[in-house]
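Colleague: Shown below is the structure under consideration.
The values are calculated or read from the model by the stated rules, or taken from the named source; none is laboratory data. In this text the structure is predicted, and so the values were computed from the model without any measurement. Neighbour counts run over all protein chains shown; Cβ positions are idealised from the backbone, glycine included.
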């Protein structure tokens, strides 16, 4: 079913909305920014879609659905890839429209529809599988259906290709498949690869999350080129037995290795060991070490992790700050976290500020909107769009 394009009407409605005198000035201005900036340049539109992702806010939902069903294939792809929740009827309707476009957009739409059990999408994906493969998300979606064995056969073919890039695509796809045979194939690939070519199967095994795979990875922790990938994967596999190979790496001469080992130990429950090592790494002289530490801490559980990331969010290096704020986004709400994200929204580097704004949209409330008013008038369109999205999200919350 074709979904009409309401974007022009949405733009008109958003421009007229500020006439409501009871609406705060920053909310009225945010409506204007969202109505005008994305329409000025395709790049701004894509950026708006990327930050709105799976938001339930009315302005975001309208833009996402219209992009999925619209004529712009690039925008449709961006919008579809942002979907994370179970799709409702209106979203499925837009996805069916995208499904009829053909090409990569059709494959992306089919991948999402297949997860919700759409028979037409599932059968179409199965047909494409026999004609040369599918992108990773599509493979993962199809693997959860009655076509699981066909996906297994196709992925095994990829990991035995003579081309390293093709094998790596197969390993990446297996990392998204939640099936016991995915682990079996990754272990098969790990066993047959040589040297640094083992990195991709190790990384994928960490994503699959089966603790049984830890033993196969442990032997590579001391191998040049595989150290960091092995430590990260072991930390994610939740096998306490891996601590016997992780903890000795905390004395490694390279602080970057110590950073990976410390976070892996933290993930596996060696709290005291990690707490003895991480504070020094937060203050390490090398920004590359601090940036890697922030990246590894992302997703870690515990208030201490929030504290470490908050410290790194004040770093002199903009890349360290950006990675730290990326790690703070989506964490459990605390007063300290909200304050840190509100401060980050005012960062002089727009790449940092926009990340902090995305976090503030999740844990902030309407009381934070007024401080974002000046950002709405920024000459930087990306900062203005991020601020406008955050203000409109917070407008629907209560202090």
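Colleague: Taking only pairs six or more apart or across chains, which ones have beta-carbon atoms under 6 Å, a first residue in the stretch 382-395 that is more than 17 Å from residue 365 (Cβ to Cβ), and a second residue that is modelled with pLDDT of 95 or more and not in a helix (DSSP H, G or I)?
Modeller: Here the result reads 384/378, each pair linking the stretch 382-395 to a residue that is modelled with pLDDT of 95 or more and not in a helix (DSSP H, G or I).
Colleague: Follow-up question, since we're still on this one. Restricting attention to the stretch 313-322, which residues are more than 20 Å from the chain's Cα centre (by Cα) and either closer than 15 Å to residue 268 by Cα or surrounded by 18 or more Cβ atoms within 10 Å (Cβ to Cβ) (or both)?
Modeller: 315
Colleague: Can you tell me which residue in the stretch 272-289 is modelled with the highest pLDDT, limited to those that are more than 18 Å from residue 323 (Cβ to Cβ) and buried (at least 16 other Cβ atoms within 10 Å of the Cβ)?
Modeller: 277
Colleague: So which of 144, 121 ends up being surrounded by 19 or more Cβ atoms within 10 Å (Cβ to Cβ) and at negative phi?
Modeller: Only one candidate qualifies: 121.
Colleague: What number of residues within the stretch 22-49 satisfy the criterion of being touching a residue at least 24 places away in the same chain (Cβ under 8 Å), farther than 18 Å from residue 366 by Cα and surrounded by fewer than 15 Cβ atoms within 10 Å (Cβ to Cβ)?
Modeller: So the count comes out to 4.
Colleague: Restricting attention to the stretch 261-277, does a residue exist that is under 25 Å from the mean Cα position of the chain (by Cα), more than 20 Å from residue 305 (Cα to Cα) and touching a residue at least 12 places away in the same chain (Cβ under 8 Å)?
Modeller: Looking for residues that are under 25 Å from the mean Cα position of the chain (by Cα), more than 20 Å from residue 305 (Cα to Cα) and touching a residue at least 12 places away in the same chain (Cβ under 8 Å), one finds none in the stretch 261-277, hence no.
Colleague: Still on this structure: Considering (1) under 17 Å from the mean Cα position of the chain (by Cα); (2) modelled with pLDDT of 95 or more; (3) outside any helix (DSSP H, G or I), say which one residue 326 fails and leave the rest.
Modeller: It fails just one condition, (3).
Colleague: Quick one: would you say residue 367 is closer than 22 Å to residue 53 by Cα, touching a residue at least 24 places away in the same chain (Cβ under 8 Å) and not in a loop (DSSP other than H, G, I, E, B)? Show your work before the answer.
Modeller: Numbers: closer than 22 Å to residue 53 by Cα: no; touching a residue at least 24 places away in the same chain (Cβ under 8 Å): yes; not in a loop (DSSP other than H, G, I, E, B): yes.
Criteria not met by residue 367.
Colleague: Further, regarding this structure: With the structure loaded, tell me whether residue 165 is surrounded by fewer than 20 Cβ atoms within 10 Å (Cβ to Cβ) and part of a helix (DSSP H, G or I) or whether it fails that test.
Modeller: It is true that residue 165 is surrounded by fewer than 20 Cβ atoms within 10 Å (Cβ to Cβ) and part of a helix (DSSP H, G or I).
Colleague: Then there is this: Within the stretch 70-93, does at least one residue satisfy the condition of being surrounded by 23 or more Cβ atoms within 10 Å (Cβ to Cβ), assigned to a helix (DSSP H, G or I) and more than 22 Å from the chain's Cα centre (by Cα)?
Modeller: The answer is no, given that none of the residues of the stretch 70-93 is surrounded by 23 or more Cβ atoms within 10 Å (Cβ to Cβ), assigned to a helix (DSSP H, G or I) and more than 22 Å from the chain's Cα centre (by Cα).
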